[in-house]
Structure formats: C-alpha cells, structure tokens
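Notes for the one structure printed next.
Values quoted throughout were computed directly from the atomic coordinates according to the rules given, and no laboratory measurement underlies them. The model shown is predicted, which means the values in this text are computed figures rather than measured ones. Neighbour counts are summed over all protein chains in view; Cβ atoms, including those assigned to glycine, are modelled from backbone coordinates with ideal geometry.
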Amino acid sequence: MWKIDTVRVFMQELPEQAGQIIPRLQPVGDKTVLQIFGYESDTYRAKMKIVGYTDHEALKAMAKDGVVHTVSGVGFHKDVLVKSFSSSRNLTVAQTIRPDLDCESPVFDVELELYYDN
C-alpha cells in the first residue's frame, strides 16, 4: 500500500530523474569548455490514482504548503517536497478501488512532481 503522509494513493509510475549542473561556454575560436557546478537533487514524477475529493484536495494543498511530506510504499520511503500537482477526473460510474469509500466517489489520475529532500 502506498501513502503520501496519510493520503492513500495507488501508484502507477514513479520514474526518478537525476542530473548535474554543467554550463557550456563557447569561447571564440576554441573548443567548448564545460564547467561542473555540482548536482541537482533527485526528482520524481509520480503518477497515481486516488479516490475521493478529500484525498484530491489534500494532495493539491501539498503543492502549496512548503512542508516536507513522506512517500512510502513497497520498498520505498522518502521525504519529499511537492513541487507541482495536476489531476484529471476519470469518468467512472462506480469505483471499487477503495471499498471503504462510497462506490460513487470520484476517481482521479494525479501527477505530482516531487523533489527529494535529502
């Protein structure tokens, strides 16, 4: 089971991205000069399904609160900052993902951009 703090999510994808800061200088009449200025923190672009307006609004608020949140799931536990939130509602008649919620609760596809807070 996956959670972001106390919000239950159904993770679909969790690709990780890492990189470093390398500006390229182009001096006149000479080859390119590369300068390494360190590295960027890891980022994740999490794609998930969630059920209900309460969880939807809770995740949306995380993109505006500036607080570190914990993402946990099978073999994964990280403290992250939520950089951005986007969602779209699935056009469903009835949901069976969360039996603890009403069968007419809305289902959303959510994408979060997460910055790893190491």
Taking 0.36 nm per residue of separation and subtracting the Cα-Cα distance, what length does fully extending T32 through D102 add? 19.1 nm
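How far, in nm, would the chain grow between A58 and Y115 when pulled straight, counting 0.36 nm per residue and subtracting the alpha carbon separation?
Gain in length upon complete extension: 18.7 nm.
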Could you let me know the centre-to-centre spacing of the stretch 20-63 and the stretch 67-118, using Cα atoms, in angstrom? 20
May I ask you to list the GluC sites (Glu not before Pro) in the stretch 1-107 that are in a DSSP loop and have at most 14 other Cβ atoms within 10 Å of their Cβ? E104
Would you mind checking the tilt of helix 53-62 against the longest principal axis of the Cα atoms of the chain, expressed as 0 to 90 degrees and rounded to 10? 20
How many lysine pairs does the stretch 9-118 hold where the Cα atoms are under 28 Å apart and the two sit 8 or more places apart or on different chains? 12
For Cα Rg over 2.2 N^0.38 Å, which listed value, (i) 1.03; (ii) 1.36; (iii) 1.41, comes from the coordinates shown? (iii)
Could you check the spin-label model distance between R45 and A18? Points 7 Å from the Cα along Cα→Cβ, value in nm. 1.9
